[in-house]
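A.B. asks: Attaching a single structure in structure tokens format; questions to follow.
Every number in this text was worked out from the coordinates using simple rules, so none of it is lab data. As the structure is a computational prediction, the values presented were derived from the model and not from experiment. FYI the Cβ positions are ideal-geometry reconstructions off the backbone, even for glycines, and counts take in every protein chain you see.
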Amino acid sequence: MVRSVLLWVSENEWCSRTLPRYGFVRRAVRRFMPGERLDDALGAARSLEDGHRIPALVTCLGENVANEAEVGAVADHYVAAASGIAATGLDVELSVKPTHLGLDLGLNVAEANIRRIAEAADSHGNWVWLDMEYSRYVDPTLELYRAIHADHPRFGICLQSYLRRTPDDLEALLPSGPAIRLVKGAYAEPPSLAFPEKRDVDDAFFDLTTRMLSREARRAGLRAGLATHDPRLIRRIDAWAGANGVGRGDYEYQMLYGIAEEEQRRIAGEGGKIRVLISYGDGWFPWYVRRLAERPANVGFVIRSLLPR
Ligand SMILES: Cc1cc2nc3c(=O)[nH]c(=O)nc-3n(C[C@H](O)[C@H](O)[C@H](O)COP(=O)(O)OP(=O)(O)OC[C@H]3O[C@@H](n4cnc5c(N)ncnc54)[C@H](O)[C@@H]3O)c2cc1C
């Protein structure tokens, strides 16, 4: 119930326009985001790399931008970011949202913009990951991925375990040696398309992981990013990997900045691979409310930030 209300708020235009103006909302988002500028994200990335040997991913928040000049400016920003990151010498990859780069304006617009970013990152030997949004975008996002990955192998895509179609999408991608970030899925979807029960989403995540780490997938060159903070699932995956001859270096966990930090450090400390996604930018509202929806206890943090200190 709380999750449904929060997901409704994340999609509501009035809320997106109005609520970010309130100081308490801006203060509360700091827990998940070090600041609105790329430099803020890179500063946090430096602390993670220097302090804990944890590499990062950065993403500029924004979605459903339907103005050609604006999406072009977002692409320009990422192209410059690719050089800026290279200049820092940090291990920081990029993650982008198709609707932030013009998917609502047409596949060709998004492809031209994302291609520019992939080329810029490639020229520095760096990676770009394509986020997955609502289910209506899955087919065009897969199409974008296939077209760009054919020319830029350092290009990854996100798949969502809550979608019933994902095992078929994974099988179709597998022979091309893809880079896949597996997530549970963060959007409101109907039960006809997505498992409504959390246990089914978790089981699907585990089953998809075992396929991504299968000998066949590794032989094809699949890069596996497992984006979850779920400690039970992480233990289950590590145990399966250990029992099936899959090394800790053969897969990478990916987590969000500010969430499950102890677990992040534990994985890094034990020699496992972990990468942290750091967000920045001023289009953070829908993304932030989806983070609250994932764990309604987070709403408590917002309420506490309202109280006098
Ligand atoms: C690197 C990365 C990239 C992502 N990209 C996408 C994408 O492209 N498309 C998409 O649909 N989704 C994306 N997501 C979000 C994802 O779909 C999940 O909604 C999110 O990761 C929460 O699921 P979970 O696997 O951590 O498990 P859950 O089962 O939701 O949570 C397990 C445990 O993790 C902790 N936890 C999880 N979320 C939070 C939170 N918000 N605040 C505090 N604690 C929390 C809690 O301890 C919780 O008990 C991404 C997530 C990550 C980490």
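A.B. asks: If the viscosity is 1.002 mPa s and the temperature 20 °C, what Stokes-Einstein diffusion coefficient in µm²/s follows for region 33-173 when Rh is the Kirkwood radius over Cα pairs?
C.D. replies: 138 µm²/s
A.B. asks: At 0.36 nm per residue, and after removing the present C-alpha to C-alpha distance, how many nm does the segment from VAL2 to ARG31 gain when stretched out fully?
C.D. replies: 8.4 nm
A.B. asks: As a test of understanding, state the convex hull volume per residue of the chain from its alpha carbons, in Å³.
C.D. replies: So the per-residue hull volume is 132 Å³.
A.B. asks: Normalised by the empirical 2.2 N^0.38 Å for globular proteins, what value does the Cα Rg of region 128-189 take?
C.D. replies: 1.03
A.B. asks: Which order do the peptides 218-231, 273-286 take when ranked by the mean count of other beta-carbon atoms within 10 Å per residue, highest first?
C.D. replies: 273-286, 218-231
A.B. asks: Just need the relative contact order of region 34-283 here, percent rounded to a whole number, with Cα pairs under 8 Å and 6+ apart.
C.D. replies: Computed value for region 34-283: 22 percent relative contact order.
A.B. asks: Once fully extended, how much extra length lies between ALA112 and SER176, figured as 0.36 nm per residue of separation less the alpha-carbon to alpha-carbon distance?
C.D. replies: Going from the current span to full extension adds 20.9 nm.
A.B. asks: Starting at the first residue of region 72-79, write each ³J(HN,Hα) from the Karplus equation 6.51 cos²θ - 1.76 cosθ + 1.60 with θ = phi - 60°, in whole Hz, x for Gly and Pro.
C.D. replies: Residue by residue, region 72-79 yields x, 5, 5, 4, 4, 4, 5, 4 Hz.
A.B. asks: Report, in debye and to the nearest 20, how large the dipole of region 34-283 comes out about its Cα centre when Lys and Arg carry +1 and Asp and Glu carry -1 on their Cβ.
C.D. replies: For this selection, approximately 880 debye.
A.B. asks: Another question, if that's okay. When the helices in the chain are scored as -39500 (n - 2.57) per DSSP H run of 4 or longer and the sum is shared across all residues, what 222 nm value do you end up with, to the nearest 500 deg cm²/dmol?
C.D. replies: Value at 222 nm, helices only: -15500 deg cm²/dmol.
A.B. asks: Could you check what % of the DSSP bridge pairs in region 34-283 are antiparallel, to the nearest 5?
C.D. replies: 5 percent
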